[in-house]
Structures are given as C-alpha cells and as structure tokens.
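The values are calculated or read from the model by the stated rules, or taken from the named source; none is laboratory data. Keep in mind the model is a prediction, meaning the values are calculated, not measured. Please note: Cβ atoms are built from the backbone with ideal geometry, for glycine as well, and neighbour counts cover all protein chains shown. Heavy atoms of the whole protein, side chains included, go into the accessibility calculation; ligands, DNA and RNA do not. Shrake-Rupley method; radii C 1.70, N 1.55, O 1.52, S 1.80 Å.
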Amino acid sequence: MISGGSTDGDSNRPRKARGRRVCLEVNGRDRSEPVISFGPEDLRGVNLPHNDALVIQTRVANYDVWRVFVDNGSSVNVIFKEALVQMDLHEYPLEVVATALFGFAGHAVYPEGEITLPLTLGSGDLRKTVMTVFTIVDAPSSYNVILGRPAMNEMRAVASTYHQKIKFPIRGQVEEVKGDQPSSRKCFGETIRVDQKRARREDRGKKLAQGAKEVEGNEVNFVAEDEQEELVGISPKVAEHKLNIIPGSRPIKQKKRHFGPEKDKIIEEQMKEMLGAGHIREVQFPTWLSNVVLVPKATWKWRMCVDFRDLNKACPKDCYPLPRIDQLVDSTSGFELLSFMDAYQGYHQIPMAREDQDKASFITSGGTFCYVVMPFGLKNAGATYQSLMSRLPKADRQEY
C-alpha cells in the first residue's frame, strides 16, 4: 500500500478541505455505460491456481511499457525514474511535489516530482487514452510503472487479480487488458531477493549498534564492507591516465542538476569519503564540468557517479586489446596452484595525469571538484587499467 503524494492535495489545507467536502449525488449521469462483470470465460489462458499480482503492458506517451503493476492500494500512479530516463521525455514539464510517499512499513520516499503523460489501455478501435499524473520515484524496483487508484478511476476500470484482467468501458462496449503471469512471477521473485538483502543489511546494522552499546570504556569503530580502505596507489612511472582530448574540441560545462535533500545528503557523505581518501580535490575555473548522478546498487544503497558523456565524446578511442577469456583459461592448465589478486578499487589506485585533472571536474551542491585518480565512467579507463594489469608481472616492485 502506497499513501501520500499530491493526489488529495500537496499540503494540509487542501487535504482538510477535501475531507470536509460534502458528497452529492450527481443526477443525469449517463446510464448507458455497459455493465462490467467477470465470469468463467475470463479464466481462459490463466494458470490456476495462482496468487499472482496483476502485471500488464500499457502504452505511456507513445512508448510500450512492460512490467506495469496494477495496485488498487496505491494513492498515486508511480513511474520509476530509470524507466522515465529510458523514455527520454524532455518535452513534458515536471511539477514539484512536497508530500512524501509512505509504504506499508512507514518508510518515507520523497518524489522527484510529477509528470503528466498520456496513458493508453486497450488496442485497435477500443483503445482508451487519458492524460495521467505520474509521481516520479527514484528507487530500485522490479516494475517500471505502478497504476494506482487515480489512473484506474480515471479510466473507470475494474481489475480482477483472480481473472488476471482489467476491464473498462469505451463507447458503449467493454474492452479488456490481460495480465502477464510470467512477468508477474519474475517481478515478485526479484522483489523478494532485494527485500531479503535489505533486511539482512538492516539486521547487521542493528547488531553492530547493539555491540557498540555493550562495550564500555573502549572506543569502538565499525567499518562497513564497502567503505574506503587505505590505498597506497600506483606510481605515475608505472601507469597514469591521460585524456588526450582531440585538438579543437570545445569544452562543455553542464548545468547543475538539482537533487532533493535526501540525495544531496548521500552525495555529501560520499564526497567526504573521497576527499578523506585523497581521490578528489576542490578546483576553481574548470574548463570542463560534469554533473553527478546516483546509481542504485544491488545492496539497496546508492553509488555516486559522474556523467562524463560530453568529455568522452572529445576523447579518441584507446584500442589497447582486452584479454581473451579462453586464452586466460588455457594458460592455467598444467599448474597446481592458481593465485588471485584482489584489486580493491583498482581504478582509484591509478593517478590522473596532472594536466588532465581539472578536465575531470564535476559539480555538486557543495562546490566543484576534480579527480586526482582515474574515475569510473571515462572512455578509456578500462584500457588504461588493462595496460597496468599487463605490466604488473614485468614492473619493478620499487616503482609502486
């Protein structure tokens, strides 16, 4: 169940006014609408018995969208940001939303905004299109869209999870949309796996906190699995990353993207970690400037990345060959022992060339910074890393 959002008002005043509103019977309503019902014939093709959610395919803003979850318990229609980015809908304006969304467990999620898009159900001559308000949520999800009560009521649609169908009236007839049971079961399995990982992580955090309370008189520091470790780095004599920007390329400074308070806090925390590890430094008057983006990880946390697409377009391709897996496997034959190297944050152990550091600059709410080590996302970072790996057996240990 999802509650909140701006469906019933985006502040306390309109919500209270709606609660005081008197419900009146509307006379003269069109009585010619057909009766919607479900019978045994609607079970054809349904895999019984089942407890599957109703997941359908719809058309949103002229895009065919799969994995659309029909949820009568949701007070808003949700479109997840990852799906919205793939649809590339720049022509539709975004509206600010102040009210958070609350799930079954009471966790608050602050929307990125609202967008009004045409939603189409049905096919052929009986398809029905209505302009629908979607709340944008930037969070990992197995679904692309959640159709809540607002969309269902606007369509005057009736859903039956048992019959795996939606039916709605149009021009005196009843059209239907069938559910996709295989997609429903796949989404359910993915959601369970993510929730289990999150529950284990939260339980581990509680145990660590409890352990800290039980220790008296001693300072206890708990280090998370994915926090920074002390890295000595690679000497520039062995490897360093150079951009080799094509002469005549026009520097591009991206306009700063705005994030909500919750994401700004996440970015600020990761910035402090990188500053403390010496991976970045503050910079003034950069020639190139990129934005940061937050990418969800499988552990339900966020990873801060930089949008280097403009910078990458101005860099030539490094054609250093990557290894062939079959040759690597064949080279291990005949040996009794196989050793492995744990290249923890290997990219960040390679320094950026001093003359190119200010080009790898990015902007946040806390200021402008640049990388002093090779970041993820650069066009030839993989080639530079592979070049280092090829040199390791030949490099003198004193150079590190």
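Here the accessible area is traced with a 1.4 Å probe on the protein chains. For the range 267-363, carbon and sulfur cover 56 percent of it.
Per residue, how many Å² of accessible area does the range 245-352 show with a 1.4 Å probe?
70 Å²
Shown for the range 110-189: the carbon plus sulfur share of the solvent-accessible area, taken with all protein chains present and a 1.4 angstrom probe, equals 48%.
Stretching Glu41 away from Thr191 to a fully extended chain increases their span by 50.9 nm, per 0.36 nm per residue minus the current alpha-carbon distance.
In the context of the full set of protein chains, residues of the range 34-149 present 52 Å² of accessible surface per residue (probe radius 1.4 Å, heavy atoms only). Working from label points 7 Å from Cα in the Cα-to-Cβ sense, the Glu336 to Glu33 distance is 8.1 nm. Label-to-label distance for Ala298 and Arg149 is 3.8 nm, based on points extended 7 Å past Cα in the beta-carbon direction. Between the range 170-185 and the range 145-167, what is the C-alpha centre distance in whole Å? Cα centroid of the range 170-185 versus Cα centroid of the range 145-167: 9 Å apart.
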